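Throughout, read-outs are computed from the coordinates displayed, never taken from laboratory work. Computed from a predicted model, the values in this text were never measured in an experiment. As a convention, Cβ positions derive from the backbone with ideal geometry for all residues, glycine included, and neighbour counts pool all protein chains shown.
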Amino acid sequence: MALERTFSIIKPDATRRNLTGAIVKKFEDAGLRVVASKRIHLSKAQAGEFYKVHAERPFYDELCEFMASAPIVAQVLEGENAIAKNREVMGATNPSDAAAGTIRAEFAESVGENSVHGSDAPEAAAEEIAYFFSGLELVG
Ligand code: UDP
Ligand code: MG
């Protein structure tokens, strides 16, 4: 299995509670390497563009408000099978369904304010990485 890259966001509920380091430790303990990282504060329009696949869902407006409510940490994670591995470390979308030890089980506040985003497929990972980072910012 070749090295793979995935895109991650540490969401506003987590940056607000100073959980960036605790979450990155979960990634690193799982064998994922942070190869790009920046802390930024999205506008609602930028959050809306990022989450446009969910534009028709009932929670879309609230999700965009939330993602623009405080800084996020956008990262590229690299490792063997990084997309699936990151989803495993994150846990299920709803923290009440998330397996013990996962980021969402330990840190998420609700199904909406659930601490992390992670790409769900290679095409999504490539698109999401390109939305946040230039090639020069992917430093290995
Ligand atoms: N979300 C929400 N209510 C829901 C489902 C999802 O607020 O009923 C939010 C939540 O923040 C989630 C994001 O929308 O992480 C994207 O949803 P998706 O189904 O892609 O979940 P994920 O891939 O983040 O596990
Ligand atoms: Mg998703």
message = Can you tell me the length gained on complete extension of the stretch Ala55 to Asn18, counting 0.36 nm per residue apart and subtracting the Cα distance?
response = 10.4 nm
note = Loop-resident GluC sites (Glu not before Pro) in segment 15-88 with no more than 11 other Cβ atoms inside 10 Å, DSSP not H/G/I/E/B, are Glu56
remark   = Hydrodynamic radius by Kirkwood for the chain, inverse mean 1/r across distinct Cα pairs, in Å, is 14.9
message = How large is the direction-averaged shadow of the alpha-carbon convex hull of segment 1-77, in nm²?
response = 5.9
task = Would you please give the residues with an amide H less than 5 Å from that of Glu4, counting only those at least 5 places away or on a separate chain, with H modeled from the backbone geometry?
result = Gly79, Glu80, Asn81, Ala82
ask   = What ratio of Cα Rg to 2.2 N^0.38 Å holds for segment 37-88?
value = 1.32
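Taking only DSSP H segments of four or more residues, each worth -39500 (n - 2.57), what value at 222 nm results for the chain once the sum is divided by all its residues, to the nearest 500 deg cm²/dmol?
-10500 deg cm²/dmol
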task = Using amide H atoms built 1.01 Å from N in the peptide plane, name the residues 5+ places from Asn94, or on other chains, whose amide H lies under 5 Å from its own.
result = none
Rounded to whole Hz, the Karplus (6.51, -1.76, 1.60) HN-Hα couplings of segment 121-127, x for glycine and proline = 6, x, 5, 5, 4, 4, 5
